[in-house]
Amino acid sequence: MLSFFITTPLIVLMILNLPFRSLMKRIVFVVGLSLALIQAVLVALAIFGFWDIYSIPVSPMLRFNIGVDNLSLLLLLCNGMVVFITMLVSRSFIEEGEKRFNFTSLLLLSFAGVNGIALARDIFSLYVFIEVVSISSFILICFNKDRDAFEGAFKYIILSAIATIFMLTSIALIFLVSGDMSFEAVRAALDNSAHTSLVLMAIGLFLCGFFIKAGVVPFHGWLADAYTSASAPVSVYLAGVSTKAVGVYALIRIVVTVFGFDTPINKVLLFAGALSVVVGAIATLTQTDFKRMLAYSSISQIGYIVLALGIATPLGIAAAAFHFFNHAVFKSLLFVNAATLEIATGTREMDKLGGLAQRMPVTGVTSALACLSIAGVPPLAGFWSKLLIIIALWSSAHYNYALIAALASLLTLGYMLLLQRKVFFGSVGDHLARIKEGEWNLIICAIILAAVTVGVGVLFPFNLCKLIIR
């Protein structure tokens, strides 16, 4: 049944924590890697029509109401892909034994939670799975137990708790109005409700909660510290899927399926998205730490997704979903390369680097591809999603926002080229003369993600457009 996407990681997690601990520690890495890979392959086959996932029987899992659609498949695919990459990266940063066992257990718990977010079909179930992922992410951020990690985790959990209060209050108000939690029942009740003030308050609180979880400006204060202070594999996971699942995907799901598109909601989404695009891009220009620069860049790119959602047209929603996928790919790739550089050079300060493309050609080329994709340079995947966003804005008469999106892309190109110049161009310093290419597992991750962003970009004009818009 469809619930196996949620129950399988949880059952595996319970089995791993049974007796025979020494055996479980030896196989935990392979088990986690295999689960993620199997999910990514199965969902990819379903997306391209090789098997009918919609025919899988749906039954209640405990009391959770679940279901699947194209948006669900998108998150399931991103989750499987990013967790697979995270597991491979962790091989270089998490030593074997108890520490790797604990890391993989937490990742499997969050893996199940993100799958639950993708499949949830009632508001309370969605909230429960969001909290599962948030708590797991909090522990993962401070997994290394150093001062910076604790500081980043503290900021994350405090703001996440505030978001939780907003969401629970909103759920209570919605239940007063609808008497039910399923998406369909809530949508019908809100459409016919005479309690306008309660409905507006519930919608506003939910939007604030999702904005905090996603790191949308002005609720972005936690994001850069969490991404930067977390260990390399956790940064990949946070940037690739965790933050976007609990914030961006949940926002898309609730707005599209439950709240609907009303003028006040659209205006809030457009303004918040544009503000995040601009503020995130400007803040990125001032950064010298590789990971911190990528963190602020994530704020800007998440803004593009929220901006596209606010257009409230089928093309806008499709563009938001497409950029959601692209961001999972190219931002995961950049954080993988940041991990490779950190191991090779022992620093993330870009001013101390330079000329590394000569010593690390695979990392240099894949980083360039990711930077060009995030800036919207054709024919890479990021170009098509940004083009769809700008076309959707222009065709819906949001000319000012279309101009902001286009100009911000030029700004993105500027700071991404600056990153490439500081890290990979120029001559190699004496202190970097013996630097070599990264470990095999990191190189495999980079090649896989780079191949995806190039492949999607090249194939999109031919047949992938139908998959995104349908």
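Restricting the first residue to segment 300-327 and requiring it to be touching a residue at least 40 places away in the same chain (Cβ under 8 Å) and within 23 Å of GLY414 (Cα to Cα), which pairs with a second residue that is of a type in the set (D, E, K, R) and surrounded by fewer than 24 Cβ atoms within 10 Å (Cβ to Cβ) meet a Cβ separation below 6 Å and a spacing of at least six or different chains?
none
Here is a yes/no grid of residues against (1) in contact with a strand residue (DSSP E or B) (Cβ under 9 Å, 6 or more places away or on another chain); (2) surrounded by fewer than 24 Cβ atoms within 10 Å (Cβ to Cβ); (3) polar (S, T, N, Q):
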{"position": "ASP262", "(1), (2), (3)": "no, yes, no"}
{"position": "LYS267", "(1), (2), (3)": "no, yes, no"}
{"position": "GLY280", "(1), (2), (3)": "no, no, no"}
{"position": "GLN287", "(1), (2), (3)": "no, yes, yes"}
{"position": "VAL306", "(1), (2), (3)": "no, no, no"}
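Here is a check on your reading of the model: is ALA312 among the aliphatic types (A, V, I, L, M), at pLDDT below 90 and farther than 22 Å from THR453 by Cα? Outline the logic, then answer.
Working: among the aliphatic types (A, V, I, L, M): yes; at pLDDT below 90: yes; farther than 22 Å from THR453 by Cα: yes.
Yes; evaluated as a whole, the condition is true for this residue.
Residue by residue, here is whether (1) free of Cβ contacts under 8 Å to residues at least 60 places away in the same chain; (2) of a type outside the set (Phe, Trp, Tyr) holds:
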position: GLY355; (1), (2): no, yes
position: CYS371; (1), (2): yes, yes
position: GLY376; (1), (2): yes, yes
position: PRO379; (1), (2): no, yes
position: PHE383; (1), (2): no, no
position: LEU388; (1), (2): no, yes
position: ALA408; (1), (2): no, yes
position: LEU419; (1), (2): no, yes
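Do you know which residues across segment 236-267 are among the charged types (D, E, K, R) and assigned to a helix (DSSP H, G or I)?
Just the residues of segment 236-267 that are among the charged types (D, E, K, R), to begin with: 244, 253, 262, 267.
If the condition is that a residue be among the charged types (D, E, K, R) and assigned to a helix (DSSP H, G or I), then LYS244, ARG253, LYS267 are the ones that fit.
Consider LEU190 against the criteria (1) free of Cβ contacts under 8 Å to residues at least 40 places away in the same chain; (2) closer than 18 Å to ASN65 by Cβ: it satisfies all of them except one. Which criterion is unmet?
Every listed condition holds for LEU190 apart from (1).
Which one is surrounded by the fewest Cβ atoms within 10 Å (Cβ to Cβ), of the residues in segment 348-403 that are assigned to a helix (DSSP H, G or I), at pLDDT below 90 and among the basic types (Lys, Arg)?
By that ranking, first place goes to LYS352.
Can you report the number of residues in segment 137-153 which are under 15 Å from THR164 (Cα atoms) and crowded, with 22+ Cβ neighbours inside 10 Å?
In the first step, residues of segment 137-153 are kept if they are under 15 Å from THR164 (Cα atoms); the result is 137-138.
The next check asks that each one be crowded, with 22+ Cβ neighbours inside 10 Å; those that pass are 137.
So the answer is 1.
Of the residues that make up segment 198-219, is at least one of a type in the set (Lys, Arg), buried (at least 17 other Cβ atoms within 10 Å of the Cβ) and under 30 Å from LEU442 (Cβ atoms)? Write out each step before concluding.
So in segment 198-219, the residues of a type in the set (Lys, Arg) come out as 213.
Then drop every residue that is not buried (at least 17 other Cβ atoms within 10 Å of the Cβ), which leaves 213.
Filter once more, so that each one left must be under 30 Å from LEU442 (Cβ atoms): 213.
Yes, that holds for at least one residue.
From the list PHE271, PHE324, pick out the single residue that is assigned to a helix (DSSP H, G or I), touching a Cys at 6+ places or on another chain (Cβ under 8 Å) and at pLDDT 90 or above.
Working: PHE271 fails: touching a Cys at 6+ places or on another chain (Cβ under 8 Å).
Selected residue: PHE324, the only one of PHE271, PHE324 that is assigned to a helix (DSSP H, G or I), touching a Cys at 6+ places or on another chain (Cβ under 8 Å) and at pLDDT 90 or above.
Quickly run through segment 213-234 and pick out the residues that are within 25 Å of PHE124 (Cβ to Cβ) and under 14 Å from the mean Cα position of the chain (by Cα).
Hits for segment 213-234 are LYS213, ALA214, GLY215, VAL216.
Of everything in segment 161-181, what is small (Gly, Ala, Ser), surrounded by fewer than 17 Cβ atoms within 10 Å (Cβ to Cβ) and within 13 Å of ILE212 (Cβ to Cβ)? Give them in sequence order. Lay out the reasoning, then the answer.
First pass over segment 161-181, keeping only residues small (Gly, Ala, Ser): 161, 163, 170, 172, 178-179.
If we keep only those that are surrounded by fewer than 17 Cβ atoms within 10 Å (Cβ to Cβ) too, we end up with 161, 172, 179.
Across segment 161-181, the qualifying residue is only ALA161.
Quickly run through segment 221-242 and pick out the residues that are farther than 22 Å from LEU109 by Cα and surrounded by 24 or more Cβ atoms within 10 Å (Cβ to Cβ).
To start, the set of residues in segment 221-242 that are farther than 22 Å from LEU109 by Cα comprises 221-222, 224-225, 228.
Listed by number, the list holds a single entry, ALA224.
Could you tell me whether any residue of segment 77-84 is surrounded by 15 or more Cβ atoms within 10 Å (Cβ to Cβ), at pLDDT 85 or above, among the β-branched types (Val, Ile, Thr) and within 21 Å of LEU449 (Cα to Cα)? Walk me through it before giving the result.
Of all residues in segment 77-84, those surrounded by 15 or more Cβ atoms within 10 Å (Cβ to Cβ) come to 77-84.
Add one more test, that the residue is at pLDDT 85 or above, and what stays is 77-84.
Checking the rest, the ones that are also among the β-branched types (Val, Ile, Thr) come to 82-83.
Now narrow it down to the ones that are within 21 Å of LEU449 (Cα to Cα): 82-83.
The answer is yes; a qualifying residue exists.
Quick one: which of SER125, SER170, SER137, SER72 is touching a strand residue (DSSP E or B) at 6+ places or on another chain (Cβ under 6 Å) and in a helix (DSSP H, G or I)?
Answer to the check: SER125.
Identify, by number, the condition in (1) surrounded by 14 or more Cβ atoms within 10 Å (Cβ to Cβ); (2) modelled with pLDDT under 80 that VAL423 doesn't meet.
Result: VAL423 fails condition (2) only.
Of the conditions (1) at pLDDT 90 or above; (2) surrounded by 23 or more Cβ atoms within 10 Å (Cβ to Cβ), LEU407 satisfies every one except a single condition; which number is it?
Failed condition: (2).
Can you find, within segment 1-33, the residue that is surrounded by the most Cβ atoms within 10 Å (Cβ to Cβ) among those that are assigned to a helix (DSSP H, G or I) and touching a Ser or Thr at 6+ places or on another chain (Cβ under 8 Å)? Steps first, please.
Going through segment 1-33, the residues assigned to a helix (DSSP H, G or I) turn out to be 4-16, 21-33.
Now narrow it down to the ones that are touching a Ser or Thr at 6+ places or on another chain (Cβ under 8 Å): 13, 16, 28-29, 31-32.
Details: LEU13: 21, LEU16: 20, VAL28: 23, PHE29: 19, VAL31: 18, GLY32: 27.
Filtering segment 1-33 for residues that are assigned to a helix (DSSP H, G or I) and touching a Ser or Thr at 6+ places or on another chain (Cβ under 8 Å), the one surrounded by the most Cβ atoms within 10 Å (Cβ to Cβ) comes out as GLY32.
The values are calculated or read from the model by the stated rules, or taken from the named source; none is laboratory data. Owing to the predicted nature of the structure, the values given are computational and were not obtained by experimental measurement. Note that we place each Cβ from the backbone using ideal geometry, even for glycine, and neighbour counts take in every protein chain shown.
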